[in-house]
Every structure is written in C-alpha cells, then in structure tokens.
Amino acid sequence: MEGFTHDVIIVGGGPVGMGLAIDLGQRGVSVAVIERHAQPQLIPKGQNMTQRTLEHIDAWACVAEMRAARIVPRGVANGGLVTFGTLLGEHSYEFLPREGVQAFYSQAPDRMPQYCTEGVLRARTADLASVDARYGWTLDGFTQNADGVQVTVHETDGKGSETLSARYLVGCDGSRSPVREGAGISQTLSDHDRKMVLLVFRSPELHGLLGARHAERSFYNALAPELEGYWRFLGRVDGDSEWFFHAPVPEGTTRDNTDFAALLHDSVGQPFDLDVSYVGFWDLRFALADTYRAGRVLIAGDACHSHPPYGGYGINTGFEDARNLGWKLAATLQGWGGERLLDSYDAERRPVFASTDRDFIRRFIEEDRAFLAAHSPDDPGFAEAWAARNAGASEVFAFAPHYSGSPIIGGAGAPSAKGDHRFEARAGHHMAPRELPNGRSTYDALTPGFTLFDFGGEVEELTAEAEALGVPLSVVTARLEGEVCDYEASALLVRPDGYVAWSGDLAGAGNMRRAVGV
C-alpha cells in the first residue's frame, strides 16, 4: 500500500459495498468505504435472500446475526403467490418456492428489509481493522492513472473534506452511479415506458384478509389483463402489519394527485383500513453496463445492472458480484493473481446478468402478457391452465448461474444464469455440498483460498503449480465413497467464491495457472 492511503476504495455502503468490504477486509486488504448516508435508509427493498446469498453471508462470518435480524416470523414461507385479477382472487399458484433446491446449498434462504441487512453488515465491518468505513461522506470526484486512483470526498452534512488514494476504486453506488459515469462506462438501456409507485403502509386488517383467502406467504403478485403482463406486487415487511407495494401508475401520477388508498383497495379486491407512510416512484427499465471495468475502476451491484424487482434477483445478483470480485482483487493485490484475473470479473458476471434479464425477468413479463391475452376466467379449463403455469417451479431449478467457458474456467459453453442443479462437480458451477466419509460437509471444509478435494486423483502437478505461484491452497484428502461419489470426479478444485475451477481425475499442468488468470 506504499504511496496510497488504502488498497481499495469502495464508493457506496449498501449491501453490495459492505459485502465487498468484508470480503476484502477478511483477506487483509486495506479498504475505505465512502457512504453518503450516516444510517441505513428505512425503505423496505431488497428483501429476498437466496440460499446462495446466505452462503456469502456465512463466508463473511455473520450468518447467525443475519438470521437474528429477520422481522417476518419464521413460519412464513419465503416464497410467494401469484393471483389472477386481484390479490384476493380465487385463482393462485406458488411462485419461487426456493426450498425445492435446498439440497444443493448449505444455507437456507431468508428474508428481511435491506436496512436490516445493512445493519448486520455494518456491525461485521466494525470488527475488521482493515476496513475504514466513512459513513456520512460523499464522493466529489476522482482521477486515475496507470498506478491507482485519487478520490476526493466531503462530509455529506458538514464542511470536512479529504483526498484519498488507492490501487483500485469500486463503485457500488447504485443505478445512477457517479463512479460509473466518472469512469466513462456506458450502459445499454431498455425502457419499458412504465412509471411505478412504491408504497409503504401499515394495515393489520390486510393480514387477516389474506390469511382468510391464501396460505401465508412473504409476497403476493396480482396479474390482471389491463396490466399487460406487469405485476401489482405486495410484500410483507413484518409479520402482520407493515407492507410494501409496487404497481404501474399513469405517467402524471404524483403524491398529491392520486388516491393511493383507492389503488390499494382496487389491487386487493376490497376496502380495508390502512395508513400510508411512504410514497416513491421509479421507472421500469433494464440497464446493463457495457463493461464492469475501466482501468483501475470497477463497478458492482446496481451500478452494473438494474431491473424491475421481479423475482428478487437484484440484491442476490449484487452479492454474487461482490463475492466474485473480492477474491480476484485480493489475489491481484497480493501478487498471486495473473493479468487476466480482474478482467474475468466482467467476463463472468456481465453475461450472467444479461441472462437473468433475458431468460427470467423479461420472460416473466412476456409469458404473463401472452397468457392474459389468450385466457379468461370465463373460458372452460381456465383453472387448469392457470395451475399449470408454475408446475414443477421450473424457474427455481433453472436459475443456476455458472461460468462455463469463462477465460479462467476454459472448456465449452458460456457464462449464463440459466442452467440446472446437480451434485456433479462441473467446472464453472457452484459446488453443491456432500458429506465426506468422516461426516463433515465439503462446504464446511472450504477455506478462504482455493480448496482441493483429493479423492484419489492425480493432483501433484496442480499442487506444485499452486506452490510455485504462491496461491493459497488447502488440500482435503478423503476416500471416494458415499456421497462424494455424486461429484463424479476423483478430484475437484474449488475457488474462493465456492465455484468449481476444475474437476476430473488427472489435474495436468496449467489448471491452476488458468484458474488464477496467469
């Protein structure tokens, strides 16, 4: 860090920025976090956290604290219901029951408002001496050269200012990212020309109405023909009284010219008592940065990609960005990562979001629009057609982001969000947990560096390469019997982010070099 105040400066202390700071801080990297808000903002967004996200939280050593921060009672399922017409409509089916893929992960999903998540991550960051968190500070601007970046910041509500410097700058500063703009990174935008409202309100009565009609769920989506495939989306903040609600509204809608209670009554299907505490607006659009890196500047989370809150992909995609980028930045700074390693962040993560957009979120809208145009509750067989829409919960099983064919994975294929869940150890795919012969889970045997599971393969060249390159590598030796046979390989190399870098029987020369971008 000679000549610099920090190794990495992160602008944006939301969940993604704080997750990245923890990931780097745990690896001994000196980090400054610049966050303009002194306290987390009490707007209930980013609620749905998948199994994979909780694996990240576990790797960041605060999973117990995160579980304890949950507001919705444990008995409420994390998934949702889709209803026809109104939220109390008679036709419904389950949506995103992620419990169906639980066997392939070591952590269960969870749900809480983003401000609770941020609170836990801030507390974890406070335990790391290598993380310098500047809450209540705002970015003024930055410059970069071949060696690093210089960043100027000021107190958001004060007069103080400071100049910081680092080897790298990462923008985790949201969809309107000043870091992205300052780095000259362009975006590909797809505007659906829809103004959306976000309402936060209290209504104990609504809890009773929904409970009398449907099984208790964390969220409810209403589809109506006049919405043309877009949702009216209701979610729980707590167990029985506080809610958030998204819906399309006319372009000229404001806080002052709209009866939001009437909108909620219409969406639910009958009047009920409520008290609106927050009204906000946003534009329904998709955006994807054309690169995730510009020299010494990188971006992550909503600064890279934004989309409607359909399916809970946003915060989970951002956390995966942080976990992918964290070890690669640390490896580069510590000298065991090659020239190609940081570029692989863009090569792996950007196609995954493009696939999430195309194969999941847009597909939801398009398929819903087509169904509503072709079917009516008055048609014979409507109930059967409606129930068949989510048979097998296929989108849950198909959402399996992977990095097949990436520059540091090799082989055929291309990174995508669309895949399948298997126990087989496949290069570029998430490692599913299996029980070792000694009773320990392979997940629990993972280390902050690379982990090599040797079940009798020929791995001498791989371990020699790791030693020569200075790559942190832990070797777990076990018999090839029991559940680990499901991996269909006598050896597998797992990256610091829990993805399989290589699997097979003979680890020839070059596998470790490729995995670290040399």
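The values are calculated or read from the model by the stated rules, or taken from the named source; none is laboratory data. Quick caveat: nothing in here was measured; it's all calculated off a predicted structure. Positions of Cβ are backbone-derived with ideal geometry, glycine not excepted, and every protein chain shown enters the neighbour counts. Surface areas here come from the heavy atoms of the whole protein model, side chains and all, with no ligands, DNA or RNA. Shrake-Rupley method; radii C 1.70, N 1.55, O 1.52, S 1.80 Å.
Note that segment 453-518, at 25 °C in a medium of 0.890 mPa s, gets a Stokes-Einstein diffusion coefficient of 204 µm²/s from its Kirkwood radius over C-alpha pairs.
Residue separation of A391 and E467 scaled by 0.36 nm, minus their Cα-Cα distance, works out to 22.4 nm of gained length. Taking the convex hull of the alpha carbon positions in segment 4-122 and averaging its projected area over all directions gives 9.4 nm². Semi-axes of the equivalent ellipsoid for segment 177-257, computed as √(5λ) from the eigenvalues of its C-alpha gyration tensor and ordered from largest down, come to 31, 17, 14 Å. Between G171, T188, S161, the Cα set farthest toward the positive side of the dipole of segment 137-196 (charges on each charged residue's Cβ, about the Cα centre) is that of T188.
Across the protein chains, with a 1.4 Å probe defining accessible surface, the residues E483, E181 rank E181, E483 from largest area downward. The eigenvalues of the Cα gyration tensor, multiplied by 5 and square-rooted, give segment 68-118 an equivalent ellipsoid with semi-axes of 24, 17, 9 Å from largest to smallest.
Note on segment 345-458: Rg/Rh from C-alpha atoms, Kirkwood Rh, equals 1.14.
Extension gain for D140-E94 works out to 11.9 nm (0.36 nm per residue, less the C-alpha to C-alpha distance). Quick one: net charge of G136's neighbours, Cβ under 12 Å, K/R +1, D/E -1? The answer is -1.
Listed values for segment 3-11 are Karplus-derived 3J(HN,Hα) couplings in whole Hz (6.51 cos²θ - 1.76 cosθ + 1.60, θ = phi - 60°), namely x, 10, 6, 8, 6, 9, 10, 10, 9, and x replaces Gly and Pro. Over the chain, the hull volume per residue, using the convex hull of the C-alpha atoms, is 152 Å³. Projecting the Cα atoms of A133, H91, P109 onto the charge dipole of segment 1-152 (Cβ charges, centred on the Cα centre) puts H91 farthest toward the positive pole. Give me the tail of P(r) for segment 328-399 as a percent: Cα-Cα pairs with distance above 19 Å. Pairs farther apart than 19 Å: 59 percent. Take every pair of alpha-carbon atoms less than 8 Å apart whose residues are at least six positions apart; their mean separation over the length of the chain yields a relative contact order of 16 percent.
In this structure I365 has an accessible area near 0 Å², from a 1.4 Å probe over the protein heavy atoms. Accessible area per residue for the chain, computed on protein heavy atoms with a 1.4 Å probe, is 38 Å². Taking all C-alpha pairs of segment 97-206, those more than 25 Å from each other amount to 52 percent. Put a plus charge on the Cβ of each Lys and Arg, a minus charge on the Cβ of each Asp and Glu, and nothing anywhere else: the dipole of segment 413-493 about its Cα centre is then about 340 debye.
Think of it as helices only: each DSSP H run of n ≥ 4 in the chain is worth -39500 (n - 2.57), and spread over all residues that comes to -8000 deg cm²/dmol at 222 nm.
With both residues required to sit in segment 423-518, DSSP beta bridges show an antiparallel share near 60%. Plainly put, segment 82-151 has a radius of gyration that is 1.22 times its Kirkwood radius, both from alpha-carbon atoms, as the Rg/Rh ratio.
The charge dipole of the chain, taken about the Cα centre with unit charges on the Cβ atoms of Lys, Arg (+1) and Asp, Glu (-1), comes to about 480 debye, rounded to the nearest 20. Calculated on the alpha-carbon coordinates, the convex hull of segment 408-504 measures out at 97 cubic angstrom per residue. Measuring nothing but protein heavy atoms, the accessible surface of the chain at 1.4 Å probe radius is 48 percent carbon and sulfur. Distance from the Cα centroid of segment 272-312 to that of segment 361-383 is 27 Å (rounded to whole angstrom).
Evaluated with a Cβ-only charge set (Lys, Arg +1; Asp, Glu -1), segment 108-251 carries a dipole of roughly 240 debye about its Cα centre, given to the nearest 20. Taking every DSSP beta bridge that has both ends in the chain, the antiparallel portion is near 70%.
Kindly provide log₁₀ I(q)/I(0) values, in the same order as q = 0.24 Å⁻¹, from the Debye equation applied to equal alpha-carbon scatterers of segment 276-350. Ignoring solvent entirely, the Cα scatterers give -1.12.
The separation of segment 183-224 from segment 453-509, counted between C-alpha centres, amounts to 44 Å. Site pair K159 and L209 shows an inter-label distance of 5.3 nm when each label is modelled 7 Å from Cα along Cα→Cβ.
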